[in-house]
């Protein structure tokens, strides 16, 4: 657990340092260091000429040595944080592909695969329905859109107008359910691997694994050797994940500091009621849905489950990406909770792609908040339609940059709420995105634990039994 506490310290330090920078560092501070345009200077671009009162350009001020040192520190901070995320994304596709091929090949009977997939998808859909329903109930009880002051609403709408137009231009990227199903089938599986299209990677891995199980009897020994090779490669990826996690505390600090420094606490105060509703919805999903499920169906102590999933939770919070956290999630489930490698290798990647419980809560509350703020009353019929639509729409959200916001625009248009209202929540979207990613990752873990528990004893993997507690903590940060 020492590694977990180091990550927690990095997270808290990043928030505190970012808040101090936001409060104390201003354009005037940069000006005293000889920087007239902080944004251009930090981006390494030429500083625009300053025109004086007489219309002539003013002699540019030369940035001080301290200013250049600060820019170097900012660049190093960005490099560390983004390098960590890239390392995790680099490992995500290989570990998913190798694990699925090895896991499916070890099943022997294709019917077992249908059982695994059917149970996982059923749980994911049920928890998503519960999540969006909880979000709508909370927003209906609290009505946060009615609390926001008029002048705050006008300012937020004016500040976010340009970004709303940019997001609105990408709504044609949102795919219908039929197109999503069709796009699961890769035309070129190697292209899917290169693009990290997780659904297509899963389908490719399933097909290859099934092919190994269907080899003729005289070739089965060769097929088993290939499957063992994939299993070894998956284990190698796990070793690399543990190596990357050694720098997680510093990386988490580097990721959070600029986010908090840019956002500050002012916007959070202005939209406090909305933020509290989203956080309350996420906590309710964990306490009222996940805990009972993991206790009754997964036969696991909920507090132990959260404790053992903590490394994945912290990486999810700092990265805001279920896919980037996927490798860490799988190692937590296998190394710390004793889940079968075969089950984790199949259910976790599926969940990272289609399970968006945190996003479902957020979308439900966001639509209701914007509608209330703009004076639009949603009927019961519209809210029921919204429940089903959010579940289907959240499945496709990971594939689009800023996907949740683009999906939100489509949902607003579907219930007759002006899409421009999305400008009200842009200022706090990143911090809430971090929180809902944690719930998404926890949901993947809950479903994996349940499916693993429901698997009959004869299909368990002896080699995947839970390691001793001391060994687990030594191997997993």
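The values are calculated or read from the model by the stated rules, or taken from the named source; none is laboratory data. Just so you know, these numbers come straight off a predicted model, no measurement behind them. A quick note on method: Cβ atoms are made from the backbone with ideal geometry, for glycine too, and the neighbour counts reach across all protein chains shown.
Can we say residue 245 is farther than 30 Å from residue 367 by Cα and either crowded, with 16+ Cβ neighbours inside 10 Å or modelled with pLDDT under 80 (or both)? Spell out the reasoning first.
Details: farther than 30 Å from residue 367 by Cα: yes; either crowded, with 16+ Cβ neighbours inside 10 Å or modelled with pLDDT under 80 (or both): yes.
Yes, satisfied.
Being surrounded by fewer than 22 Cβ atoms within 10 Å (Cβ to Cβ) and touching a residue at least 60 places away in the same chain (Cβ under 8 Å) narrows it down to one residue among 330, 310, 356; which is it? The unique qualifying residue is 310.
Within the stretch 183-197, the set of residues being assigned to a loop (DSSP other than H, G, I, E, B) and closer than 21 Å to residue 86 by Cβ comprises 196, 197. Taken as a whole, the structure places residue 110 among residues that are touching a helix residue (DSSP H, G or I) at 6+ places or on another chain (Cβ under 8 Å), more than 22 Å from residue 335 (Cβ to Cβ), at pLDDT below 85 and surrounded by 13 or more Cβ atoms within 10 Å (Cβ to Cβ).
Only one of the numbered conditions (1) surrounded by fewer than 22 Cβ atoms within 10 Å (Cβ to Cβ); (2) within 26 Å of residue 272 (Cα to Cα); (3) within 22 Å of the chain's Cα centre (by Cα) is violated by residue 376, and that is (3). Checking each residue in the stretch 384-408 for being buried (at least 21 other Cβ atoms within 10 Å of the Cβ), within 27 Å of residue 200 (Cα to Cα) and modelled with pLDDT of 70 or more picks out 390, 391, 404, 405, 406, 407, 408. Restricting attention to the stretch 37-60 and to residues that are surrounded by 11 or more Cβ atoms within 10 Å (Cβ to Cβ), in contact with a helix residue (DSSP H, G or I) (Cβ under 8 Å, 6 or more places away or on another chain) and at pLDDT 65 or above, the residue that is nearest to residue 79 (Cα to Cα) turns out to be 42.
Out of 475, 430, which single residue is within 25 Å of the chain's Cα centre (by Cα) and either within 27 Å of residue 18 (Cα to Cα) or at pLDDT 80 or above (or both)?
Working: 475 fails: either within 27 Å of residue 18 (Cα to Cα) or at pLDDT 80 or above (or both).
Criteria check complete, one pass: 430.
For (1) over 28 Å from residue 336 (Cβ atoms); (2) surrounded by 14 or more Cβ atoms within 10 Å (Cβ to Cβ); (3) at pLDDT 95 or above, each residue gets a yes or a no:
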site: 272; (1), (2), (3): yes, yes, no
site: 275; (1), (2), (3): yes, yes, no
site: 297; (1), (2), (3): no, yes, no
site: 303; (1), (2), (3): no, no, no
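Is it true that residue 412 is touching a helix residue (DSSP H, G or I) at 6+ places or on another chain (Cβ under 7 Å) and at pLDDT below 80?
Details: touching a helix residue (DSSP H, G or I) at 6+ places or on another chain (Cβ under 7 Å): yes; at pLDDT below 80: no.
So residue 412 fails the test.
Taking residue 339 as the residue in question, decide whether it is outside any helix (DSSP H, G or I) and surrounded by 23 or more Cβ atoms within 10 Å (Cβ to Cβ). Criteria met by residue 339.
Among the residues of this structure, residue 453 counts as one that is out of contact with any helix residue (DSSP H, G or I) (no Cβ under 7 Å at 6 or more places or on another chain), assigned to a helix (DSSP H, G or I) and either buried (at least 22 other Cβ atoms within 10 Å of the Cβ) or modelled with pLDDT of 80 or more (or both).
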